[in-house]
1. Considering only residues that are within 24 Å of the chain's Cα centre (by Cα) and among the charged types (D, E, K, R), which ones fall in segment 164-184?
2. Six or more apart or on different chains, Cβ atoms under 6 Å: show the pairs whose first residue is in segment 270-282 and hydroxyl-bearing (Ser, Thr, Tyr) and whose second is crowded, with 17+ Cβ neighbours inside 10 Å and at pLDDT below 80.
3. Scan segment 122-141 for residues that are assigned to a helix (DSSP H, G or I) and either among the charged types (D, E, K, R) or buried (at least 24 other Cβ atoms within 10 Å of the Cβ) (or both) and report the count.
4. Can you name every residue in segment 45-61 that is buried (at least 21 other Cβ atoms within 10 Å of the Cβ) and not aliphatic (A, V, I, L, M)?
5. Answer yes or no as to whether residue 305 is in a helix (DSSP H, G or I), in contact with a helix residue (DSSP H, G or I) (Cβ under 9 Å, 6 or more places away or on another chain), under 25 Å from residue 107 (Cβ atoms) and of a type in the set (Val, Ile, Thr).
6. Those residues that are among the acidic types (Asp, Glu) and under 24 Å from residue 277 (Cα atoms), I need them from segment 176-234; list them, please.
7. Looking only at segment 156-193, filter to residues that are assigned to a loop (DSSP other than H, G, I, E, B) and small (Gly, Ala, Ser); which one of those is farthest from residue 81 (Cα to Cα)?
Amino acid sequence: MLPVNDTKFQAAVFFLTGIPGQEDIHHWISIAFCFVYVIAIVGNSFILFMIKTNPSLHEPMYIFLSMLALTDLSLSISTMPTTLGIFLLNLREIGLDACFAQVFFIHTLECIESSVLLLMAFDRLIAICDPLRYASILTLQRMIKMWLVCVLRGVAVILPLPILLKLFHYCRANVLTHTYCLHQEVMTLACSDFRFNSLYGLTVALLTVGLDSLLIFLSYVMILKTVLTVTSRTESLRALNTCVSHLCAVLLFYTPIIGLSVIHRFGEGISPLLQIFLGYIYLLVPPLMNPIVYSMKSKHLRVRIIRVFVK
């Protein structure tokens, strides 16, 4: 099932795609993308700055938020060069090695973000179900170890993907649907047998994003069960309110990623525009919206931000 050199021709580059049929207004569309990237990068950087410079925010919830902001910031930076290159300068070509590197960074950061969202669900679970042991369980040293495990897991499971892609030969139409490289799309352009890649990619998706989403769901089942046992309606609502921002982040991340994975694997007759649209939501919306949602819903963080601007 390994890649076989079954062709004498090897494609030298891939061609990325913006929005088909809208090439004449790509310069105008680039304004919207520039705005999204500026907001995402500035917003996540500002969240990191606020948490670092305010000792009162050095709590588990905000430390996990800083991990999420750092991941979102890296994800925006990994897609920005090719996306803006197409819409601003019409630079559609991308070398094979650059494409494989982008595959590695995008999917590794995607895996890390899924892990961080799981850690944040665990944080809410401990805070609501076992508040007396919250500080003793989520110590700084333990959280750093959790973060390192998330990073190492992402690197370990994703690293084989670009290595296997590099072993393939590409002789078919080398035009990609998105403004960046994704493993599930790049492998379909290979002339060699890519069934092992497809199976490995599906296994990785199930054991990372699939497993994490299931554990997050089970965490909220336990949280809801605990909250329903509280006699005070006010206390119940207050506990659930601390989970709203995390639930928004979970929906923003998992909904488009699951939809895009299903379309790439099983949606042959689905409109390409829907696939492109989900692709932009998948990588642009979570880094854009997470800082906004947390700044609005987290009272402690919101007060610190307001004080900065009031000064």
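1. 166
2. Listed pairs, sorted by first residue: 282/260.
3. Adding up the residues that qualify gives 3.
4. Within segment 45-61, 60 is the sole residue that qualifies.
5. Against the criterion (in a helix (DSSP H, G or I), in contact with a helix residue (DSSP H, G or I) (Cβ under 9 Å, 6 or more places away or on another chain), under 25 Å from residue 107 (Cβ atoms) and of a type in the set (Val, Ile, Thr)), residue 305 does not qualify.
6. Result: 185, single match.
7. Our first condition is that a residue be assigned to a loop (DSSP other than H, G, I, E, B); within segment 156-193, this holds for 159, 168-169, 171-174, 176-182, 191-193.
Filter once more, keeping what is small (Gly, Ala, Ser): 173, 192.
Details: 173: 23, 192: 29 Å.
Filtering first and then ranking leaves 192.
A quick yes/no check of all residues on (1) within 23 Å of residue 68 (Cα to Cα); (2) in contact with a strand residue (DSSP E or B) (Cβ under 7 Å, 6 or more places away or on another chain); (3) modelled with pLDDT under 95:
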| residue | (1), (2), (3) |
| --- | --- |
| 81 | yes, no, yes |
| 84 | no, no, yes |
| 88 | no, no, yes |
| 95 | no, yes, yes |
| 110 | yes, no, yes |
| 128 | yes, no, yes |
| 168 | no, yes, yes |
| 176 | no, yes, yes |
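The values are calculated or read from the model by the stated rules, or taken from the named source; none is laboratory data. In this text, all values refer to a predicted model and were calculated from it rather than measured experimentally. FYI the Cβ positions are ideal-geometry reconstructions off the backbone, even for glycines, and counts take in every protein chain you see.
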